[in-house]
Amino acid sequence: MSKKHYKPGKSTKTFSEKIFKILSKNENKPFNYKQIAAILELDDTKSRNEIIKDLKILAAQKLIIETEPGSYLVKASSQKYYEGKIDMTTRKTGYFVCDELENDVFVPFTNLNHALDGDTVKAYVYDRRSSRKPEAEVLEIVERAKLEFVGVISIQKNFGFVTTTNAKMYTDIFIPKNKLGEAQHGEVVLVKMEDWPQKADSPFGSVIKVLGKPGEHNTEIHAILAEYGLPYDFPIEVETYANKIDTSITPEEIKKRRDMRKVLTFTIDPKDAKDFDDALSFQVLENGNYEIGVHIADVSHYLVEGTILDDEAYNRATSVYLVDRVVPMLPEVLSNFACSLRPNEEKYTFSTIFELTPKAEVVNQWFGRTVIYSDQRFSYEEAQQIIESRSNVIPAEISLTGKEYKVSDDIVFATLKQDELAKILRRKRMANGAISFDKVEVKFNLNQESEPVGVYFKISKDANHLIEEFMLLANRKVAEFIGKQKKTFIYRIHDEPNEDKLFAMQALILKFGYKIDLREKKNISKSLNQLMEDVNGKKEQNLIDTLAIRTMSKAKYSTDNIGHYGLAFDYYSHFTSPIRRYPDVMVHRLLQFYLDGGKSASEDAFEEKCVHSSEMEYLAAQAERDSVKYMQVKYMQDHKDQEFLGVISGVTEWGIYVEIIENKCEGMCRIREIKDDYYTFDDKQYALVGEITKSLLQLGDEVFVKVKNADLVKKQLDFHFIRKNQ
């Protein structure tokens, strides 16, 4: 390799920084100017003289020390080594994120040293001498966040390159000829990164799976799952094991349980649900109080620790709900049959039984294993019809799963009474500081080929809130029961909102005429609830709902109970969905273990499982979000000639993001393509400003757009800007 020579006029500050980096990387080894020049590949006299001069300057600044004449070590106090994670931007730069540091630290591309987004790294932090601002350089990659990537392969004569669609992945992956597998030019593939030689521009990898042709439906759905390391089928040995499980209801097992089969019990779920993991029972007690049973599928009865089925469920940790399919945590024999609380079938359950007064005060509670018989299955829409009737006689027979059934007066009464109690519980929760985020969910009507033929919005109503409140009650009371015993447990925790994000949100919502009270922490939740109420039904609702949610900390699983800020609960856990969440399975096991008199379990072992479960939940949420984006792009492909009214949902120096009002699809209008004026970005007004007309394009403005490009692979929409709505 040719030597790099010093060029006249080159800043000597660059040498100082490079010298300091070399000494910092080799903290216990002294260097002289010749060794440093060799590392920097400089061999001319002028460059060497500059190195000698800079060494003396650094020593005078007491950043390095001269251990013997001409040899230098970095001063111990100047070494700032940390372990943290890399958060990449889309511009080939990153930030070093470390709990020990007050702020994230900028990492220029030249300092990444092959680190990728999410990698755990060892880095050192220093003040850039030219700007005095801190920067970080990656010294060592401790652990890769991921080794498998999805992308499109381009095959040359003797090799291939895979280009990913992830904007934070700044490099393609080189594939040697003997590791191309069955891949054909232009296909979507899953590759594994195997090596990244120090001098190589790209990492080396191998094709491990061909996913199909870009743009094809199954290809893109499987690509979404593969991108996040999520499976889309079960290994044959796991399916075989599951199919051999005895799922019969036996007299011997019933004797071990509280028999609830004669108590009125029913389920309320989405109309297209295939698994029913919770049911409610209801009866009026002689003292005038109400007994409400929250019955949850007893998954832990079938899912035995140490089996390949349990290992698979733990690794998955959650079901994944994509637009066109569910990737279940458990095989179908359990999720849709044995553990599904289907009507007119006896089922094993794990239950919380509450005695409530007419004012929804819990005066007695019981936890344990039960056996139930579900008398009826309702959809939310059917339960809502009963609630809205507010009568013991419904106007007509209700359609259930395509057939006509007569709904008994007992079930109508139970539903209405549970609705009353749920409303009281909800009011109490809100009064205690809970935050109500009823964000509109985008849903799609799909044809038989899974093509989106329509868009609709899912909005929570009284029937949804009825189920929600009793599930929250069960989760809270189970967590409280164990928490007060000071035994190891798995909590669902939620920290207070990020203060900086709240102030940033305040600046944005002021543009719409709203504000939140940030003077005292106790007022924030009340103020946020008022904001949600004020924006309800307004064109900016979805934008402000999204902004508010982003200020919140992420809920996660932990053995360290700090409470749940969003729900305003001191104790909270996940007990009610073991078919689709592994933490709920662990909660069932721990609860039964403690009911049997067991001592406190290992906190370290369960904390590790909490971290894994939280990480898998995050990946599943990302995949679910990507599947919605994909369907939105697919839907808009067929509407390229249509003009849409949208709301500006984001403003950047390169353009505006517009969310279409009627279907919530979001796309970009690039600044250079807005032709009615020459626009520049004004970061103070958070707007694009027309140079001639002084016209503003800012958050919340209504504009008309058309689809310019719908990219299924990138899951990205580009819009033509037509005009502002006056």
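The values are calculated or read from the model by the stated rules, or taken from the named source; none is laboratory data. The structure displayed is predicted, hence computed values, not measured ones. With ideal geometry, Cβ positions are generated from the backbone for all residues, glycine too; neighbour counts draw on all protein chains shown. Note: accessible area is taken over every heavy atom of the protein model, side chains too, but ligands, DNA and RNA are not part of it. Shrake-Rupley method; radii C 1.70, N 1.55, O 1.52, S 1.80 Å.
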query = Take the residues of the range 573-601 that are in a loop (DSSP other than H, G, I, E, B) and of a type in the set (A, V, I, L, M): which is surrounded by the most Cβ atoms within 10 Å (Cβ to Cβ)?
reply = 579
query = Given 435, 467, 493, which one is outside any helix (DSSP H, G or I), of a type in the set (A, V, I, L, M), under 23 Å from residue 584 (Cα atoms) and open to solvent by less than 60 Å² (accessible area, probe 1.4 Å)?
reply = 493
Scope the range 536-572; condition more than 30 Å from residue 648 (Cα to Cα), part of a loop (DSSP other than H, G, I, E, B), open to solvent by less than 30 Å² (accessible area, probe 1.4 Å) and hydrophobic (A, V, I, L, M, F, W, C); matching residues = 567
key: Sole residue being assigned to a helix (DSSP H, G or I), surrounded by 15 or more Cβ atoms within 10 Å (Cβ to Cβ) and of a type outside the set (Lys, Arg), chosen from 659, 617, 608   = 617
key: Filter result for residue 233 (outside any strand (DSSP E or B), at pLDDT below 95 and farther than 20 Å from residue 471 by Cβ)   = yes
message = Tell me yes or no: at least one residue of the range 617-640 is within 30 Å of residue 678 (Cβ to Cβ) and out of contact with any strand residue (DSSP E or B) (no Cβ under 7 Å at 6 or more places or on another chain).
response = no
key: Unique residue being over 34 Å from the mean Cα position of the chain (by Cα) and among the small types (Gly, Ala, Ser) when the list is 281, 389   = 389
ask   = If you take the residues of the range 525-534 that are of a type outside the set (Ser, Thr, Tyr) and surrounded by 19 or more Cβ atoms within 10 Å (Cβ to Cβ), which of them is nearest to residue 700 (Cα to Cα)?
value = 531
message = I'm trying to understand the selection: among the residues of the range 328-347, which are open to solvent by 10 Å² or more (accessible area, probe 1.4 Å) and either among the hydroxyl-bearing types (Ser, Thr, Tyr) or over 19 Å from residue 267 (Cα atoms) (or both)?
response = 328, 332, 333
query = Can residue 166 be described as of a type outside the set (A, V, I, L, M, F, W, C), modelled with pLDDT under 95 and over 23 Å from residue 107 (Cβ atoms)?
reply = no
request  = Being free of Cβ contacts under 8 Å to residues at least 24 places away in the same chain and open to solvent by 40 Å² or more (accessible area, probe 1.4 Å) is the filter here, so list the residues in the range 667-679 that pass it.
outcome  = 672, 678
note = Taking the range 348-358 and the residues there that are of a type outside the set (Gly, Ala, Ser) and part of a strand (DSSP E or B), the one that is most open to solvent (accessible area, probe 1.4 Å) would be 355
request  = Please tell me if residue 42 is in contact with a His (Cβ under 8 Å, 6 or more places away or on another chain) and open to solvent by less than 60 Å² (accessible area, probe 1.4 Å).
outcome  = yes
note = Pairs returned, first residue in the range 163-178 that is closer than 20 Å to residue 94 by Cα, second residue that is open to solvent by 70 Å² or more (accessible area, probe 1.4 Å) and among the basic types (Lys, Arg), beta-carbon separation under 8 angstrom, 6 or more apart or interchain, are 165/714; 170/92
ask   = Out of all the residues in the range 31-38, is one or more touching a residue at least 24 places away in the same chain (Cβ under 8 Å), among the aromatic types (Phe, Trp, Tyr) and not in a strand (DSSP E or B)?
value = yes
query = Mind checking whether some residue in the range 511-524 is open to solvent by less than 70 Å² (accessible area, probe 1.4 Å), under 30 Å from residue 349 (Cα atoms) and not in a helix (DSSP H, G or I)?
reply = no
task = Tell me which of these residue 232 doesn't satisfy, since it passes every other one: (1) touching a residue at least 40 places away in the same chain (Cβ under 8 Å); (2) over 30 Å from residue 305 (Cα atoms); (3) within 24 Å of the chain's Cα centre (by Cα); (4) open to solvent by 40 Å² or more (accessible area, probe 1.4 Å).
result = (2)
ask   = Which of (1) part of a helix (DSSP H, G or I); (2) open to solvent by 30 Å² or more (accessible area, probe 1.4 Å); (3) of a type in the set (Asp, Glu) does residue 324 not meet, given it meets every other one?
value = (1)
message = For the range 244-294, give me each residue that is open to solvent by less than 30 Å² (accessible area, probe 1.4 Å) and assigned to a loop (DSSP other than H, G, I, E, B).
response = 257, 260, 263, 273, 276, 277, 289
ask   = In the range 203-218, which residue that is modelled with pLDDT under 95 and open to solvent by less than 30 Å² (accessible area, probe 1.4 Å) is farthest from residue 114 (Cα to Cα)?
value = 217
Filter result (without any contact (Cβ under 8 Å) to a residue 40 or more places away in the chain, farther than 20 Å from residue 166 by Cβ and part of a strand (DSSP E or B)) within the range 89-122 = 105, 106
